[in-house]
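The values are calculated or read from the model by the stated rules, or taken from the named source; none is laboratory data. Not measured: the values here are computed from a predicted model. Methodologically, a virtual Cβ is constructed for each residue, glycine included, from the backbone with ideal geometry; neighbour enumeration extends over all protein chains shown.
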Amino acid sequence: MKITNVEAIYLRQPQVKQQCDSGQDVLVVRVSTDAGITGIGEVDSSPLAVKGAIEGPYSHFITAGLREIVLGEDPFETEYLWDKMYRQNVYAGRRGIAIHAMSGIDMALWDIKGKALGLPIWKLLGGGFHKRVRAYASSLFGATPQLTGEQARRFVDRGFTAVKFGWAPMGRDEATDIALVREARAGLGDKPDLMIDAGLVWDAKTALQRARAFSEHRIFWLEEPLAPDDYVGYAKLSNGTDVRIAAGEEESERKSYLELMDKGQIDIVQVDLTRCGGFTEAMKIASLAADRGLPVVNHGFTTYINVAAALHFLNAIPNSFIMEFVAEEGTSLRDELTTQTIQAHDGFVDMLDAPGLGLELSAEALEKFAVRV
């Protein structure tokens with residue numbers, strides 16, 4: 001079997017809100033083979049920059065479009081192809097956009113392998129740790145503390161036993177920050193777990209003050225309170241509070257994660273399959289975290305392709321315990337992109353058993369949302 005084509009398909013909703021919601025547009029990667037088997041992947045990044053990284057022409061030996069690097073290759077050779085893409089784009093692609101682009105291709109290659117063998121990806125990875133995975137409802141904060149509390153009550157009514165709120169208006173001022181967390185806890189009640197995603201808004205001392213204030217409301221973790229590269233600040237924060245500190249969604253490939261784990265001393269390692277290098281690299285990151293006694297969770301605020309990838313990944317590693325699940329409703333691109341949807345029932349998501357990722361793209365959605373550039 002040989003790779004015959006790699007497509008980078010940009011899809012976008014007609015209206016994109018001015019908010020931190022990466023589910024409003026998406027870059028889908030589709031890899032075709034001469035056996036008629038097609039795999040899909042997703043990249044949560046700057047979509048058109050990723051499209052250029054994939055579709056760009058050959059430039060020289062260590063800078064080339066990723067499509068040119070993998071054409072004609074055997075899609076089963078995922079480890080070799082990951083290394084080839086990295087090495088032949090090392091001049092421009094050791095971090096960020098190029099690794100993001102590699103993530104989508106790698107994900108599609110694993111989808112092809114699963115379809116060809118008739119097995120779900122988690123089984124190819126040697127997994128089997130979960131029959132279902134506990135999910136936390138992931139949402140942006142409400143516009144006010146009171147609206148946040150109302151959202152929390154709705155998530156509990158839907159059966160979730162863990163909820164995360166994030167980003168604006170967190171960071172506006174101390175009173176608002178504390179009120180947001182207080183009302184979120186009031187809406188959830190005593191038993192559900194509450195996670196807070198600060199959205200990169202503070203310095204280390206402010207984050208420490210907030211962590212201490214939030215602990216009264218029993219938050220399960222405080223996520224990304226600092227700039228991603230502030231490893232010294234993360235270490236100060238992690239060592240100065242009993243609140244778990246979570247981070248990792250901004251990282252691409254394992255060496256970035258080593259900085260967060262070893263220098264930043266984080267407690268929860270968050271891995272996004274659409275950014276970190278796909279399944280091939282995510283498994284290495286999870287092993288490094290396990291060696292340090294750290295749990296791994298997914299990050300994903302985009303489509304069901306990302307959700308499916310996370311399910312397979314979490315089922316293939318021993319140090320997983322919960323998954324992020326976007327609970328906001330009415331996102332047309334997410335709901336329509338694939339012919340299958342993935343739902344949480346009583347706070348859990350059932351494991352996927354279909355071959356590959358277990359999802360297929362909707363032809364109608366491609367026609368409706370694809371942007372020709």
TODO: Hey, can you tell me all the residues within region 55-84 that are polar (S, T, N, Q) and closer than 18 Å to Asp111 by Cα?
DONE: Thr78
TODO: Scan region 210-227 and give yes if some residue there is assigned to a loop (DSSP other than H, G, I, E, B), buried (at least 23 other Cβ atoms within 10 Å of the Cβ), modelled with pLDDT of 95 or more and among the hydrophobic types (A, V, I, L, M, F, W, C), otherwise no.
DONE: yes
Open item on the list: Take the residues in region 53-70 that are in contact with a strand residue (DSSP E or B) (Cβ under 8 Å, 6 or more places away or on another chain) and over 17 Å from Gly96 (Cα atoms); name whichever of them is surrounded by the most Cβ atoms within 10 Å (Cβ to Cβ).
Closed with: Val70
- [ ] For region 157-167, indicate whether the set of residues that are surrounded by fewer than 19 Cβ atoms within 10 Å (Cβ to Cβ), touching a Cys at 6+ places or on another chain (Cβ under 7 Å) and touching a residue at least 12 places away in the same chain (Cβ under 8 Å) is non-empty.
- [x] yes
Task: Tally of residues being touching a strand residue (DSSP E or B) at 6+ places or on another chain (Cβ under 6 Å) and either in a helix (DSSP H, G or I) or closer than 21 Å to Gly127 by Cα (or both) across region 318-332 - done: 6
Task: Of residues in region 298-309 being out of contact with any Phe, Trp or Tyr (no Cβ under 9 Å at 6 or more places or on another chain), at pLDDT 95 or above and of a type outside the set (Ser, Thr, Tyr), the one surrounded by the most Cβ atoms within 10 Å (Cβ to Cβ) - done: Ile305
- [ ] Could you identify the single residue in Leu124, Leu109 that is modelled with pLDDT of 95 or more, aliphatic (A, V, I, L, M), surrounded by fewer than 20 Cβ atoms within 10 Å (Cβ to Cβ) and farther than 17 Å from Gly199 by Cβ?
- [x] Leu124
Open item on the list: Regarding region 5-27, can at least one residue be identified that is part of a loop (DSSP other than H, G, I, E, B), of a type in the set (Gly, Ala, Ser), touching a residue at least 12 places away in the same chain (Cβ under 8 Å) and crowded, with 22+ Cβ neighbours inside 10 Å?
Closed with: no
Open item on the list: Restricting to region 228-248, name every residue that is over 15 Å from Trp202 (Cβ atoms) and surrounded by 23 or more Cβ atoms within 10 Å (Cβ to Cβ).
Closed with: Gly248
